[in-house]
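The values are calculated or read from the model by the stated rules, or taken from the named source; none is laboratory data. Quick caveat: nothing in here was measured; it's all calculated off a predicted structure. A quick note on method: Cβ atoms are made from the backbone with ideal geometry, for glycine too, and the neighbour counts reach across all protein chains shown. Please note that ligands, DNA and RNA were not included when accessible areas were found on the heavy atoms of the full protein model with its side chains. Shrake-Rupley method; radii C 1.70, N 1.55, O 1.52, S 1.80 Å.
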Amino acid sequence: QVQLVESGGGLVQSGGSLRLSCAASGRAIGDYAMGWFRQAPGKEREFVAGINGVSTYYANSVKDRFAISRDNARNTTYLQMNSLKPEDTAVHYCNAGSVSSTGDYDPWAYWGQGTQVTVSS
């Protein structure tokens, strides 16, 4: 099994940037597609971004602002978040999963503990 630990969250002003990291252990992230999800208070967890090989996938709400990447040698996945908005405030979670034949990210039951991102207006 793979274990995931997120870091890099914090408090930032609207328009600012943060880079989240997801360090994996136990298995190589190259064995999985990797994804980022987020959950705001009172809302369901939602997909943010995914990466499978060199292919990337984004929610419409973050497209052109966020970028997902992976460093297989470091066994780490990243989420660069630019032009942050107050509505991006949420706990952000890393996930190991797969991508379906229709191009949808399919989360498996491998989650990190989450890292809080708070964007002030």
| said: So for region 60-74 (the condition being touching a Gly at 6+ places or on another chain (Cβ under 6 Å) and open to solvent by less than 30 Å² (accessible area, probe 1.4 Å)), does at least one residue qualify? | reply: no
| task | Considering each of VAL54, VAL12 in turn, give the residue that is farther than 14 Å from CYS94 by Cα and open to solvent by less than 30 Å² (accessible area, probe 1.4 Å). | result | VAL12
| message | Quick check on GLN113: is it in a loop (DSSP other than H, G, I, E, B), under 14 Å from GLU6 (Cα atoms) and in contact (Cβ under 8 Å) with a residue 60 or more places away in the chain? | response | yes
| In region 83-121, which residue that is touching a helix residue (DSSP H, G or I) at 6+ places or on another chain (Cβ under 8 Å) and modelled with pLDDT of 95 or more is surrounded by the fewest Cβ atoms within 10 Å (Cβ to Cβ)? | SER120
| said: Looking at region 86-107, can you tell me whether even one residue there is under 14 Å from SER7 (Cα atoms) and in contact with a His (Cβ under 9 Å, 6 or more places away or on another chain)? | reply: no
| message | If a residue must be part of a loop (DSSP other than H, G, I, E, B), farther than 13 Å from LEU79 by Cα and among the polar types (S, T, N, Q), how many such residues does region 1-42 contain? | response | 2
| Residue check for SER69: outside any loop (DSSP other than H, G, I, E, B) and either over 15 Å from GLY97 (Cα atoms) or among the polar types (S, T, N, Q) (or both) | yes
| Which residue out of GLN80, GLN39, GLN1 is modelled with pLDDT under 95 and open to solvent by 50 Å² or more (accessible area, probe 1.4 Å)? | GLN1
| field | Failed item in (1) within 11 Å of the chain's Cα centre (by Cα); (2) open to solvent by less than 20 Å² (accessible area, probe 1.4 Å), with ARG19 passing the rest | value | (2)
